[in-house]
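Everything on this sheet refers to the single structure shown next.
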Amino acid sequence: MSPREARVLALQVLYEADVASHDAWEVLKRWLSEEALDQETEQFVSRLIGGVIERQSELDAIIQRHAPQFPVEQLAPIDRNIMRMALFEITSGITPLKVAINEAVELAKQFGSDSSPQFVNGVLGAAVRT
């Protein structure tokens, strides 16, 4: 599984946990029972999910600071979770800055609304400039 596909899986888990209030680890366990992943991919997905969960309030504060006109809880859940993942990757240093932003924009193109890629790119760009 490619890193992008791993991000898609992590995003799907985080999205379900966010909108349906399901436990993210139970959601991941269900996904893993349906799709076998190599150990490296499973660790990457788990690290993304765990990092976003553990640092969600910090990540949300960064998003809020750079998109003050939109309360985080009112953002489209897909955009919110894409930005959380990218900010976790950037702030934890597990992914180079440009790669994390590019991957987030690609996820926004694939799963978000027509305006999602520009919004995600703008918020992440502003966050990394400060």
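So the values come out like this:
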| quantity | calculated |
| --- | --- |
| Gain on full stretching of the segment that runs from VAL19 to ASN102 - 0.36 nm per residue minus C-alpha separation | 27.4 nm |
| Reference-scaled alpha-carbon Rg (2.2 N^0.38 Å with N residues) for the chain | 0.98 |
| Label point distance in nm, GLU40-ALA126, each placed 7 Å from Cα along Cα→Cβ | 3.7 nm |
| Stretchable slack from GLU73 to LYS29, in nm (0.36 nm times residue separation minus alpha-carbon distance) | 13.2 nm |
| Mean residue ellipticity (222 nm) of the chain, computed from DSSP H runs ≥ 4 via -39,500 (n - 2.57), nearest 500 | -25000 deg cm²/dmol |
| Square roots of five times the Cα gyration tensor eigenvalues for the range 1-55, Å | 17, 12, 9 |
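Only the coordinates and a few stated rules stand behind these numbers; no lab work does. These numbers come from a predicted model, not from an experiment. All Cβ positions, glycine included, derive from the backbone under ideal geometry; neighbour counts span all protein chains shown.
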